[in-house]
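Remarks on the structure that follows.
The values are calculated or read from the model by the stated rules, or taken from the named source; none is laboratory data. In this text, all values refer to a predicted model and were calculated from it rather than measured experimentally. Reconstructed Cβ throughout: ideal geometry from the backbone, glycine too, with neighbour counts over all protein chains shown.
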Amino acid sequence: MRWYGSKFDTVTLKQIRQVAGVTGVITTLYDMPAGEKWTREAIQQMKSEVNASGLHISGIESVNVHEDIKTGSRSRDKYIENYIETLENLGKEDIHLVCYNFMPVFDWTRSELARMRDDGSTVLAYNQADIDKIVPEEMFASIADDMNGTVMPGWEPERMAKVKELFEEYKDIDEEKLFGNLKYFLKAIMPVCNKYDIKMAIHPDDPAWSVFGLPRIIINKKNILRMMNMVNDVHNGVTFCSGSYGTNRENDLPDMIRSLKGRIHFAHVRNLRFNSDSDFEEAAHLSSDGSFDMYEIMKALYDTGFSGPIRPDHGRMIWDESAMPGYGLYDRALGASYLNGLWEAIKKNNKTI
Ligand code: DNO
């Protein structure tokens, strides 16, 4: 399960440990600004806290990429150097999985953080018409009230304060340039990834299309294959996030998993419910609650020999929990149990064939 650290998360390591079948956490140094070096001491501290709870660190989500690397500005080399040192320190601490994203300005985007469902639970939701009405600089203010007092990843107030300038920096960046800047970054970090066997797992853009006119590239099978082939190294891999790729209904999720065989290093498995092509909301993990066939997604992972961590992803807010939207304990724990159940059934069924 994902854990943001004791300073930020409403969920404790003790609670996570009590979710049957969960043995590790995916964590990060949450208050580390993008572009800064992670010291070995800070990593050790995070690791010993997790280990003391009886869990282990399964990977980092995220080591954020500085905007100058994404825009390819002159100072990018300095930030790439820092990134390499961070990877080196993680490698020395025996951490071998890093999730990151290459989304300009905004990380994930939603129009609502607490849409009420019939049963009184709340979920994150996306409505294109609502997004079209929002001025990007006001995005943060429009959702801040629903954050339950938490700091959400990608929506840090300091970053939001600079949104206008950031948009300026992307004025001349189109998809081709963004691909080029990603290639430059990946080429530079592959040697350290090879040395310490660190698997880089790019997170898809969420939703998987351009928002606010910014370019977005990690959105479909074609682009992901292009990204993998442009730096053809097993350490250049993917976080398969069903809820992000699944926003685009043209993406055939099990088929994508099969064609990324060997290069998916991390999986976020969750479900969405579509009300129309331009309106979706997050759902409980089980297939019957949403639009995806969760069995087929898990089966494709199993069949392709996936051996990395799988985590339940955004959950509904249920049972009056107050937590970071999407990251409460209860529904993610239910999700973890459900995914474990599917996996056990697939595994046993495979043996009898
Ligand atoms: C949202 C997450 C993303 C993800 C980053 C990875 O809940 O899925 O914020 O962690 O894009 O860098």
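Of all residues in segment 194-224, those satisfying the criterion of being assigned to a loop (DSSP other than H, G, I, E, B), away from the ligand (no atom under 14 Å from the Cβ) and in contact with a helix residue (DSSP H, G or I) (Cβ under 8 Å, 6 or more places away or on another chain) are Asp197, Ile198, Phe212, Leu214, Pro215, Asn220.
Matching residues to (1) on the phi < 0 side of the Ramachandran plot; (2) within 16 Å of the ligand (Cβ to nearest atom); (3) touching a residue at least 24 places away in the same chain (Cβ under 8 Å); (4) surrounded by fewer than 23 Cβ atoms within 10 Å (Cβ to Cβ):
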position: Asp289; (1), (2), (3), (4): yes, no, no, yes
position: Met298; (1), (2), (3), (4): yes, no, yes, no
position: Gly305; (1), (2), (3), (4): no, no, yes, yes
position: Ser322; (1), (2), (3), (4): yes, no, yes, yes
position: Gly326; (1), (2), (3), (4): no, yes, yes, no
position: Leu334; (1), (2), (3), (4): yes, no, yes, yes
position: Ser337; (1), (2), (3), (4): yes, no, yes, yes
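Taking segment 118-142 as the range and being surrounded by fewer than 18 Cβ atoms within 10 Å (Cβ to Cβ) and not β-branched (Val, Ile, Thr) as the test, the residues that pass are Asp118, Asp119, Gly120, Gln128, Ala129, Asp130, Asp132, Lys133, Glu137, Glu138, Ala141, Ser142.
Only residues that are under 17 Å from the mean Cα position of the chain (by Cα) and not in a loop (DSSP other than H, G, I, E, B) were counted across segment 282-296, and they come to 1. Here are some residues: Gly91, Gly149, Gly120, Gly154. Which one is under 18 Å from the mean Cα position of the chain (by Cα) and either assigned to a loop (DSSP other than H, G, I, E, B) or not basic (Lys, Arg) (or both)? Answer to the selection: Gly154.
Of the candidates His314, His265, the single residue that is part of a strand (DSSP E or B) and in contact with a strand residue (DSSP E or B) (Cβ under 6 Å, 6 or more places away or on another chain) is His265. When Asn229 is tested against (1) in contact with a Pro (Cβ under 6 Å, 6 or more places away or on another chain); (2) more than 16 Å from the ligand (Cβ to nearest atom); (3) of a type in the set (S, T, N, Q), only condition (1) is not met. The residue that is farthest from the chain's Cα centre (by Cα), among those in segment 6-28 that are crowded, with 20+ Cβ neighbours inside 10 Å and more than 11 Å from Leu55 (Cβ to Cβ), is Val11.
No other residue among Ala188, Ala161, Ala201, Ala208 is touching a residue at least 40 places away in the same chain (Cβ under 8 Å) and more than 21 Å from the chain's Cα centre (by Cα) apart from Ala188.
In segment 61-76, is there at least one residue being farther than 21 Å from Gly326 by Cβ, within 15 Å of the ligand (Cβ to nearest atom) and free of Cβ contacts under 8 Å to residues at least 40 places away in the same chain? Yes, because at least one residue in segment 61-76 is farther than 21 Å from Gly326 by Cβ, within 15 Å of the ligand (Cβ to nearest atom) and free of Cβ contacts under 8 Å to residues at least 40 places away in the same chain.
Among the residues of segment 145-159, those identified as within 16 Å of the ligand (Cβ to nearest atom), at negative phi and modelled with pLDDT of 80 or more are Asp146, Met147, Thr150, Val151, Met152, Pro153.
Can you report the number of residues in segment 133-158 which are free of Cβ contacts under 8 Å to residues at least 12 places away in the same chain and within 19 Å of Met103 (Cα to Cα)? Selection size over segment 133-158: 3.
So which residues in segment 167-180 are away from the ligand (no atom under 16 Å from the Cβ) and of a type outside the set (Phe, Trp, Tyr)? Residues satisfying the conditions are Glu168, Glu169, Lys171, Asp172, Ile173, Asp174, Glu175, Glu176, Lys177, Gly180.
In the set Val50, Val11, Val22, only one residue is within 17 Å of Leu90 (Cβ to Cβ) and hydrophobic (A, V, I, L, M, F, W, C); that residue is Val50.
If you go through segment 157-179 and keep only what is assigned to a helix (DSSP H, G or I) and either touching a helix residue (DSSP H, G or I) at 6+ places or on another chain (Cβ under 8 Å) or surrounded by 14 or more Cβ atoms within 10 Å (Cβ to Cβ) (or both), you end up with Pro157, Arg159, Met160, Val163, Lys164, Leu166, Phe167, Glu169, Lys177, Leu178, Phe179.
Could you look through segment 1-10, keep only residues that are closer than 22 Å to Phe266 by Cα and part of a loop (DSSP other than H, G, I, E, B), and pick out the one that is nearest to the ligand (Cβ to nearest atom)? Applying the filter and picking the extreme gives Tyr4.
Restricting segment 48-80 to residues that are assigned to a loop (DSSP other than H, G, I, E, B) and among the hydrophobic types (A, V, I, L, M, F, W, C), the residue that is surrounded by the most Cβ atoms within 10 Å (Cβ to Cβ) is Val65.
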